[in-house]
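Down below is the structure, laid out as structure tokens.
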Amino acid sequence: MRLDTPTSEFRVIVSDNDSAPGSIEHIVGWCEDRVEVDRSGSAWSGLPKERRHRHDHRVIDLGAPGSFADAPLVTILRNGANLGFAGGNNTAIRLALTDPTVEAVWLLNNDTICRPDALDRLSERMRAEPDLGMLGSTLVYYDDPTKVQGLGGWFDGRKGMGDHIGKFTDLDALPSREAVEHEMTYVIGASMLVSRRFLEEVGLMEESYFLYFEETDWSERNAGRFRIGWEPASIVWHKEGGSIGTSLRHRASNTSLYFLNRNLLHFTRTYYPRSMPMIAVRILARAVRFLVRRDIDGARVVIRAGRDYLLGR
């Protein structure tokens, strides 16, 4: 609600993956101007005050009849279960697309805050370049607002290797848009504007991953039908791993470690099956490195991830 974008031009869907008791009530309390938000992080400094009137809202269950065309400003969608990253986003996307006037969907993580013009910059560029199907923001560390977390991602499916582009770069020393877009193969899902045409032609995110590799899979399925891009002026501060306890700058959580390795095998088998032996050896070597560092727990998680995927779990 700190966006420059008029509220007449967007609506919010909070897709609730069966979160902790009291979460939905807390969001409703915020909509009714009864709940304050923690603004202790330095990224909040300089941002304008949010629109402090009560926000029209509703809470609905997944599968409830009706169209999004007459939705209030905020819709809280109760999924009733943890559907994962792709599943949780997909329920909201399906709801949004029931309104024929919706031009694009902005996927935005719940552990982010945005510069007021973040959505405007994304929307303006996508409208100016209709062949863009997915467009990402400049993601910056919430706890270090001068450092970039990622501008986009690259992944070599044949080698099973990839990384965020521009990570740890100073925010005032960004590379050119052309250089980043030449290198990137996927848009980071923490802030991603996706056009309606892309959603209707390519389809929604693949839910079998549950967590990680959804954006990479989406780009692989796109297969050059739409361009993907990065909008430097769209700034989003990301708490990075707030939902699952992981970080690019520290050892990944066990949840993160499990799905990163399981889904690397899933992605490879789907799109680059000839690389499966090499990727399996790489994952085994990763487990050995954890053992060498005496991280027995990490080694067990990596081995379990590989075993579960091979057993079809």
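What number of residues in region 106-133 are assigned to a helix (DSSP H, G or I), among the hydrophobic types (A, V, I, L, M, F, W, C) and either in contact with a helix residue (DSSP H, G or I) (Cβ under 7 Å, 6 or more places away or on another chain) or in contact (Cβ under 8 Å) with a residue 12 or more places away in the chain (or both)?
Within region 106-133, the subset assigned to a helix (DSSP H, G or I) is 118-128.
Pick out the ones that are also among the hydrophobic types (A, V, I, L, M, F, W, C) and you get 118-119, 122, 126, 128.
Restricting the remaining residues to those that are either in contact with a helix residue (DSSP H, G or I) (Cβ under 7 Å, 6 or more places away or on another chain) or in contact (Cβ under 8 Å) with a residue 12 or more places away in the chain (or both) gives 118-119, 122, 126.
Residues meeting the conditions: 4.
Restricting the first residue to region 68-84 and requiring it to be touching a residue at least 12 places away in the same chain (Cβ under 8 Å), which pairs with a second residue that is of a type in the set (Ser, Thr, Tyr) and open to solvent by less than 30 Å² (accessible area, probe 1.4 Å) meet a Cβ separation below 8 Å and a spacing of at least six or different chains?
If the second residue must be of a type in the set (Ser, Thr, Tyr) and open to solvent by less than 30 Å² (accessible area, probe 1.4 Å), the pairs left are 68/75; 77/91; 79/91; 83/91; 84/209.
Out of all the residues in region 134-150, is one or more among the small types (Gly, Ala, Ser), in a strand (DSSP E or B), under 30 Å from residue 283 (Cβ atoms) and modelled with pLDDT of 95 or more? Walk me through it before giving the result.
Taking region 134-150 and keeping what is among the small types (Gly, Ala, Ser), we get 136-137, 150.
Then keep just the ones that are in a strand (DSSP E or B); that gives 136-137, 150.
When the remaining residues are screened for being under 30 Å from residue 283 (Cβ atoms), the result is 136, 150.
This time we only want the ones that are modelled with pLDDT of 95 or more, so: 136, 150.
Within region 134-150 (the criterion being among the small types (Gly, Ala, Ser), in a strand (DSSP E or B), under 30 Å from residue 283 (Cβ atoms) and modelled with pLDDT of 95 or more), the answer is yes, since at least one residue qualifies.
Got a sec? Which helices (runs of 4 or more DSSP H) wholly within region 168-271 have at least 1 residues that are buried (at least 19 other Cβ atoms within 10 Å of the Cβ) and in contact with a strand residue (DSSP E or B) (Cβ under 6 Å, 6 or more places away or on another chain)?
Working: elements: 177-183, 196-202, 214-222, 254-271.
Filter on region 168-271 gives 177-183, 196-202, 214-222.
For region 145-193, which positions are of a type in the set (Asp, Glu), closer than 17 Å to residue 122 by Cα and either touching a residue at least 60 places away in the same chain (Cβ under 8 Å) or out of contact with any Gly (no Cβ under 6 Å at 6 or more places or on another chain) (or both)?
Narrowing region 145-193 to residues of a type in the set (Asp, Glu): 156, 163, 170, 172, 178, 181, 183.
Filter once more, keeping what is closer than 17 Å to residue 122 by Cα: 178, 181.
If the condition is that a residue be of a type in the set (Asp, Glu), closer than 17 Å to residue 122 by Cα and either touching a residue at least 60 places away in the same chain (Cβ under 8 Å) or out of contact with any Gly (no Cβ under 6 Å at 6 or more places or on another chain) (or both), then 178 is the only one that fits.
Output the residue which, of all residues in region 67-95 that are buried (at least 19 other Cβ atoms within 10 Å of the Cβ) and of a type in the set (Gly, Ala, Ser), is farthest from residue 205 (Cα to Cα).
Only one residue tops the list, namely 71.
The values are calculated or read from the model by the stated rules, or taken from the named source; none is laboratory data. All of these numbers come straight from a predicted model, not from anything done at the bench. Heads up, the Cβs are rebuilt from the backbone with ideal geometry, glycines too, and the neighbour counts pull from every protein chain shown. In case anyone asks, the SASA skips ligands and DNA or RNA and just uses the protein heavy atoms, side chains included. Shrake-Rupley method; radii C 1.70, N 1.55, O 1.52, S 1.80 Å.
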